[in-house]
Amino acid sequence: MPKIAIVYFSATGHTQQVAEAVAEGATSAGATVTLHRIVGEDITNGRWSNDTIVAALNSADAIVFGTPTYMGGYAGQFKAFIDACGGIWYQQGWKDKIGAGFTHSQGLSGDKLNTLTGLSINAMQHGMIWVGTATMPEGATPEKTNRLSSYTGAMAQSNMDQPTIGSGDRQTAIILGKRVAEAAKRWNK
Ligand SMILES: Cc1cc2nc3c(=O)[nH]c(=O)nc-3n(C[C@H](O)[C@H](O)[C@H](O)COP(=O)(O)O)c2cc1C
């Protein structure tokens, strides 16, 4: 049974809903899943630190990274976390773990691809094995899976006044979670 850690930042809860959907998908495929929220309180003088989260990520078979798209890229809080893991990169401590990513933003595009590209490059620097959505778009309306036609990772979009993410985006995140779990199972063989 693979261990999957989902690490994400979310200010107003939408990205958290995506993270929970990824967890649901991975759990349904037999993985043991833990969720880890990056919070600003763990950043001092620009430096993120949380030994409990780092230990959970170090012991996982797969790490799924998630952040809202801010100004066309990572949220600053998430970048502080990514940079704080530079020491792990130096030791190649996450080499051969499965990696995947997701982002949420308000704009239909909102430049979300840049965020996912950044997450995948970070995973490549760590020597991880990147897993995409591998699912065709069902259509472009909110109830359709992969309606934003994203393959590098799961994209979700909703307005700030929309309390819950749409069913299609939620389902897309579930699909990604399942795929990460299946990939981790095969990779662990
Ligand atoms: C500083 C800031 C920058 C943002 N930049 C973008 C952006 O470039 N593209 C976009 O579509 N939405 C942008 N947004 C909207 C956020 O993506 C949206 O608030 C976020 O995805 C909500 O996620 P959360 O509820 O998990 O915090 C921005 C929001 C903030 C606060």
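Read-outs throughout are calculated quantities, based only on the coordinates presented, and are distinct from any laboratory measurement. Keep in mind it's a predicted model, so treat the numbers as computed, not measured. Here Cβ is always computed from backbone atoms with ideal geometry, including for glycine, and neighbour counts include all displayed protein chains.
Restricting region 148-189 to residues that are in a loop (DSSP other than H, G, I, E, B) and touching a Pro at 6+ places or on another chain (Cβ under 6 Å), the residue that is farthest from Leu113 (Cα to Cα) is Gly166.
Lys79 meets all of the listed conditions (1) assigned to a strand (DSSP E or B); (2) more than 19 Å from Thr133 (Cα to Cα) but one, namely (1). Kindly evaluate Gly127 against the criterion of being in contact (Cβ under 8 Å) with a residue 12 or more places away in the chain, away from the ligand (no atom under 16 Å from the Cβ) and part of a loop (DSSP other than H, G, I, E, B). Yes: the conditions hold for Gly127. Pairs linking a residue in region 28-42 that is touching a residue at least 24 places away in the same chain (Cβ under 8 Å) to a residue that is small (Gly, Ala, Ser) and in a strand (DSSP E or B), with Cβ atoms under 7 Å and 6 or more positions apart or on different chains, are Thr34/Ala5; His36/Ala5. Within region 1-28, track down each residue that is within 13 Å of the ligand (Cβ to nearest atom) and in a loop (DSSP other than H, G, I, E, B). Those that are within 13 Å of the ligand (Cβ to nearest atom) and in a loop (DSSP other than H, G, I, E, B): Ser10, Ala11, Thr12, Gly13. Here Met71 meets each of (1) within 17 Å of the chain's Cα centre (by Cα); (2) within 15 Å of the ligand (Cβ to nearest atom) with one exception, condition (1). Of all residues in region 90-106, those that are under 26 Å from His14 (Cβ atoms) have Cβ atoms under 6 Å from Cβ atoms of residues that are among the aromatic types (Phe, Trp, Tyr) and not in a loop (DSSP other than H, G, I, E, B), 6 or more apart or on another chain, in Ile98/Trp187; Gly99/Trp130; Gly101/Phe65. Restricting region 88-106 to residues that are closer than 20 Å to Leu176 by Cα and within 16 Å of the ligand (Cβ to nearest atom) leaves a set whose member that is farthest from the chain's Cα centre (by Cα) is Ser105.
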